[in-house]
Structure formats: C-alpha cells, structure tokens
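Please find one structure pasted underneath; my questions will follow.
Each value in this text was obtained by applying a stated rule to the coordinates, not by laboratory testing. Since this is a predicted model, take the numbers as computed values, not measurements. Every residue, glycine among them, receives a Cβ derived from its backbone with ideal geometry; neighbour counts consider all protein chains shown.
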There are 2 protein chains.
Amino acid sequence: MDRALLPADPFTDTEKAAVYKAIHTRRDVRGQFRPDPVPDDLLLRLLDAAHHAPSVGFQQPWDFVVVRDPTIKDQVHGLFARANAEAAEMFEGDRRETYKSLKLEGIREAPVNLAVTCDRSRAGPVVIGRTHQPMMDLYSSVCAVQNLWLAARAEGLGVGWVSIVDAEALKAVLGIPANIEIVAYLCLGWVSGFHARPELEAAGWRRRLALRDLIHHDGW
Amino acid sequence: MDRALLPADPFTDTEKAAVYKAIHTRRDVRGQFRPDPVPDDLLLRLLDAAHHAPSVGFQQPWDFVVVRDPTIKDQVHGLFARANAEAAEMFEGDRRETYKSLKLEGIREAPVNLAVTCDRSRAGPVVIGRTHQPMMDLYSSVCAVQNLWLAARAEGLGVGWVSIVDAEALKAVLGIPANIEIVAYLCLGWVSGFHARPELEAAGWRRRLALRDLIHHDGW
C-alpha cells in the first residue's frame, strides 16, 4: 500500500498561468477543424488525461470510442441534421433564423470523433459515493471529458461537444451496448485558430453573466 | 461582434507539462486539510475558472454557495454521517468493514465548503444543445467543478467531492430554492500533502483499469 504524501506546494507562476491559460482559452470548436491527422501518441495522451479524471468510488466508468471512419461520421452527421432541424422548430421568429445560421458541429471535418461513455454497472451495483446520488457515475465521465478538453487545448487541438443528436440512435450507429450510456460525442482535431470569445457570446445569442451575481455566502 | 481567431499554437513544453501535472496529481482530498484561511482573491480565481467552463447554449447554469460558517458545516456533516451509515449497510462482510475504515469527507476540517448548483430554467425553456439531451445543463456544472479542481491543484489547494449525502436535505440546509439542483458539494483548503495515488487504489478497494482496454475503434 502506498500511503506516501507528496508535497502540496503551489505550482510555479509559469505553471499556474499555463493551467489558467488552458481554462480561459479553451473553446467549443465547430468550424475551424483542419484535416491533418492527429498522431496516435497524442490521442493516447489525451485519453490518458481523461482516464485520470476523478471517478466516484474509483469506478472509472468510462470507455472511449474513437471514430475515424468517414462513413460512420456521415451517419452521425445524418443524426445531427435530423435533430438540428427538430431543434430549430423549437425557437421562435428571429431566434429561429439566428439558430439556423449557427454552425453547431464539425463532425465530418474533424479528423477524429470520440464518444465518451459511462458503464453504470461497472464495479457492481453498490459504488462508494453513488449510494445517495445516482448520477455520480455519469458526472465522473463528464470530468473525463473536461480533462481531455483542457489537455487538447494545451496540445493546440480543438474539441467540440455535439449534443444535438438522439443518444439512442447514436448508440445504434456505434454499436454501443444497451447498458452503456453515451455521455459525450466530441469532434477533435487541429484547428486554424481559436475564437477569442465563445461563439454564442460573439453572435449576441447570450451574454457572459457577472460572476459576482453567482456567488452566495453561507446559504442561497 | 468579435469574430477574431487567435492562434492555435500548442503550448510550450513547460506549459503543457503544467497542464498534465495538474491533471495527474489532482486528488480527491478527505483527510489532509489544514485550517489556514483561503484568501478571497484566490477563491475568486478558482470560481472564475469554474465560470469559464463550457456550458450548453452558453447557459452558464451554475451558482456557487461558499460555506465558511462552522454551524452550517456541522449540519452538513450530520447529513453525511446519516447517509454514510446507510451506505455502510449496503456493503457485505469484509467490504463493509473496509468501507467503515475509509475517511470519505473533510467537511468540518476544510476551511471552505462549496456547493456548485445548476439552474435548469436559466436562459428559458429551450436551450441550444439541450433540446435532445436534457442532462447537458447538469453536465455543464460538472465541467465547472473540474475546472475549479484543476485550478485549485495548481494553486496548491486540495478539493474533495462529498456525494454521500441526501441532496434534498442538503438543499434545505443551504436554503437552495426548489428549482435549483445541487450538482456537487466540495471541501476546499490548503493541505499537508497530496496522496501519490487515489486513496481507494492505495487501500486496495479497486485497481486502476488499463487504458488500452477502454479504447474502441470505429464502434464498440
């Protein structure tokens, strides 16, 4: 058993700045993917970063389905197109027109697509920390996504999360078993640049909220 | 409208290493909290990191309830104790004894507790990207947690996620409105050290899975 404690020194100023740089310059990329291939060793570093996310009860509930086959991407894009048309109808007037003008995915352009899943039965029916909050395993897989996203930013790779798709239909396309949930479908690749601000902010869709309005002390 | 693209250069080797260092040395801290106060400006940097997480439709559904009042921490600890006793009964034999020996929270020792929430009605009933995957707003708040966790590690602060608690009872203690969900309850503070490996791994509860077994290509 390895119970050794490692020093808890803060990172150097340069290291701290790098972590904040990844956090603040990370973007949800839809439109700037370049076709250049993503090397296997680089992809493995990103998946290893995801694999080192926190997980409830050390469950590590995630799997990673790497998609490079253009025919599969085409099928996934078809699912997106169907869902996106349905989604557009849910908005009214000008808002609908703006919605339709937004590019919301880069499925076919991105050299790599990646499904991040959650095996809810992994580690048996009783999982430490999930006994009272059953969503914790799904949340673990989300933490894996965010680790990967930040590591990708540091590597100069863009990532976009595609959620406008029916999850069950997506499972069918990818052959994912019934007991496995898809938590995220990501597009990943080198990019021509990163937007200075989130695209929905730049498009005037919605403003960044003031942080101070979101902080409460010792109660709501 | 600011549509400028910033360069997508990879970070320098030192910067990349810092991001991976945060990812690989981050721990779920329960037992090493020191009582020293966490400065307000530092806490604000961490909350700002959380606030720059990706969010579905730029919804920014999170709020942050900062708890420093010891009487509130005591109440939350009472909720934990009750849930933890219930949880222990769900394990059998040796496993139950091991469970009982684990320290699973640092609610009273950590100088700061933090609830991260999700306002599911923020930005109205129709949110871009949530139309077909209703959990996306909750997942956005999880991304905020992971941003904060990594930033905290860079600052030399430990974070522990307490999920062994009834979420509705916790909402009552914190005065959180019915329409707001608690996604995470975190303990945060300076620590005497970080474990070299996850504690559940070191305790022999569960092994780290081999990454190669979790990767699939072009289908499950």
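Having 2 or more residues that are over 29 Å from B:R208 (Cα atoms) is the bar; report the helices (runs of 4 or more DSSP H) wholly within segment A:31-122 that clear it.
Here the list reads A:70-88, A:93-101.
Hey, another quick one. Looking at (1) in contact with a helix residue (DSSP H, G or I) (Cβ under 9 Å, 6 or more places away or on another chain); (2) in a helix (DSSP H, G or I), find the lone condition where A:K171 falls short.
If we test A:K171 against (1) in contact with a helix residue (DSSP H, G or I) (Cβ under 9 Å, 6 or more places away or on another chain); (2) in a helix (DSSP H, G or I), just (1) comes out false.
Residues of segment B:88-102 being closer than 13 Å to A:T131 by Cα and under 25 Å from the mean Cα position of the chain (by Cα), which ones?
Result: B:A88, B:M90, B:F91, B:Y99.
Restricting to segment B:158-180, name every residue that is more than 8 Å from every other protein chain (Cβ to nearest Cβ) and touching a residue at least 24 places away in the same chain (Cβ under 8 Å).
B:V159, B:G160, B:V162, B:A169, B:L170, B:V173, B:N179
Does A:D36 satisfy the criteria of being surrounded by fewer than 21 Cβ atoms within 10 Å (Cβ to Cβ), within 7 Å of chain B (Cβ to nearest Cβ) and not polar (S, T, N, Q)?
no
Before we move on, is B:W220 over 30 Å from B:A17 (Cβ atoms), of a type in the set (A, V, I, L, M, F, W, C), outside any helix (DSSP H, G or I) and touching a Pro at 6+ places or on another chain (Cβ under 9 Å)?
So B:W220 passes the test.
Now a separate question. For segment A:39-86, give me each residue that is more than 7 Å from chain B (Cβ to nearest Cβ), over 20 Å from A:W149 (Cβ atoms) and hydrophobic (A, V, I, L, M, F, W, C).
A:L79, A:A81, A:A85
Something else now. Taking segment A:1-30 as the search range and keeping residues that are small (G, A, S) and not in a loop (DSSP other than H, G, I, E, B), which one is nearest to A:F194 (Cα to Cα)?
Restricting attention to segment A:1-30, the residues satisfying the condition of being small (G, A, S) are A:4, A:8, A:17-18, A:22.
Right, trim to not in a loop (DSSP other than H, G, I, E, B) and you get A:17-18, A:22.
Details: A:A17: 18, A:A18: 16, A:A22: 12 Å.
If we take residues in segment A:1-30 being small (G, A, S) and not in a loop (DSSP other than H, G, I, E, B), then A:A22 is nearest to A:F194 (Cα to Cα).
Is it the case, given these coordinates, that B:R130 is in contact (Cβ under 8 Å) with a residue 12 or more places away in the chain, surrounded by fewer than 16 Cβ atoms within 10 Å (Cβ to Cβ), of a type outside the set (A, V, I, L, M) and in contact with a helix residue (DSSP H, G or I) (Cβ under 9 Å, 6 or more places away or on another chain)?
no
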